[in-house]
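I have placed the structure first, in the form of structure tokens, so that the comments after it can refer back to it.
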Amino acid sequence: MDKLNLIIKTEDQMIHLGELIGSICYPKIVFAMNGNLGAGKTTLTKGLGKALGIKRTINSPTFTIMKVYEGTMPLYHLDVYRIENSDSDFELEEYFDLDGVSVVEWADNISDLLPNNTIYLHFTINEVGNRLVEITSTDKEFMEKLESIVGEYLC
């Protein structure tokens, strides 16, 4: 599994990181995001949406579980914070097989439903308020492309 560690200092940088990631997305890609409240999961998703040409405001679907946004590819934005386990009958995994980009916030809550080629992003906030984003995946080609375009954020 390949891993990249990035440091993000501002909200604008987090959106830019999302745009960079969005620029190399492909149909059926799944991003599994975990990290504390306010660590940047939804902010990064806003950048992803921007890269996909989505015009609507992207915000956290905490109470609705999922929002669908139309762009050059559909963006399936899931927030499974309120789901205690994957036994809930929401059939969320069906969205991972559609020709869009799936973003799952609080993905650990449904980890057994995630496909093998999922891109994992873990967000933490350090002592000075910067966001550390650890990205891991078995998708070597995606990770190589990502590393080539996020150089300014590597740590």
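What's the number of the condition Ala39 fails, among (1) surrounded by fewer than 20 Cβ atoms within 10 Å (Cβ to Cβ); (2) small (Gly, Ala, Ser); (3) farther than 19 Å from Lys145 by Cα? Every listed condition holds for Ala39 apart from (1).
Just one of Leu92, Leu52 is closer than 24 Å to Asp139 by Cα, surrounded by 19 or more Cβ atoms within 10 Å (Cβ to Cβ) and at pLDDT below 90; which is it? Step through it out loud before you land on a result.
Numbers: Leu52 fails: at pLDDT below 90.
Testing whether each residue is closer than 24 Å to Asp139 by Cα, surrounded by 19 or more Cβ atoms within 10 Å (Cβ to Cβ) and at pLDDT below 90 leaves just Leu92.
Total residues in the range 1-36 satisfying the condition of being in a strand (DSSP E or B) and surrounded by fewer than 17 Cβ atoms within 10 Å (Cβ to Cβ): the figure is 4.
Number of residues in the range 1-43 that are in contact (Cβ under 8 Å) with a residue 60 or more places away in the chain, among the charged types (D, E, K, R) and under 23 Å from Leu78 (Cβ atoms) equals 2.
Could you please find all residues in the range 133-146 being of a type outside the set (Ser, Thr, Tyr), surrounded by 14 or more Cβ atoms within 10 Å (Cβ to Cβ) and farther than 12 Å from Asn34 by Cα? Outline the logic, then answer.
Step one: of the range 133-146, the residues of a type outside the set (Ser, Thr, Tyr) are 133-135, 139-146.
Still in the running and surrounded by 14 or more Cβ atoms within 10 Å (Cβ to Cβ): 133-135, 139, 142-143, 145-146.
Scanning the range 133-146 gives Asp139, Phe142, Met143, Lys145, Leu146.
The number of residues in the range 37-69 that are part of a loop (DSSP other than H, G, I, E, B), among the hydroxyl-bearing types (Ser, Thr, Tyr) and over 22 Å from Thr124 (Cβ atoms) comes to 2.
So for the range 75-84 (the condition being of a type in the set (Val, Ile, Thr) and buried (at least 18 other Cβ atoms within 10 Å of the Cβ)), does at least one residue qualify? Taking every residue of the range 75-84 in turn, at least one turns out to be of a type in the set (Val, Ile, Thr) and buried (at least 18 other Cβ atoms within 10 Å of the Cβ).
How many of the residues in the range 55-65 are surrounded by 16 or more Cβ atoms within 10 Å (Cβ to Cβ), among the hydrophobic types (A, V, I, L, M, F, W, C) and farther than 24 Å from Val150 by Cβ? Total satisfying the criteria: 1. Suppose the filter is more than 23 Å from Glu144 (Cα to Cα) and in contact with an Asp or Glu (Cβ under 9 Å, 6 or more places away or on another chain); does Pro27 pass it? No. Count of the range 112-145 residues, restricted to those that are of a type in the set (D, E, K, R) and touching a helix residue (DSSP H, G or I) at 6+ places or on another chain (Cβ under 7 Å), is 1.
The values are calculated or read from the model by the stated rules, or taken from the named source; none is laboratory data. Predicted, not measured: the structure shown is a model, and the values here were computed from it. All Cβ positions, even for glycine, are placed from backbone atoms using ideal geometry, and neighbour counts span all protein chains on display.
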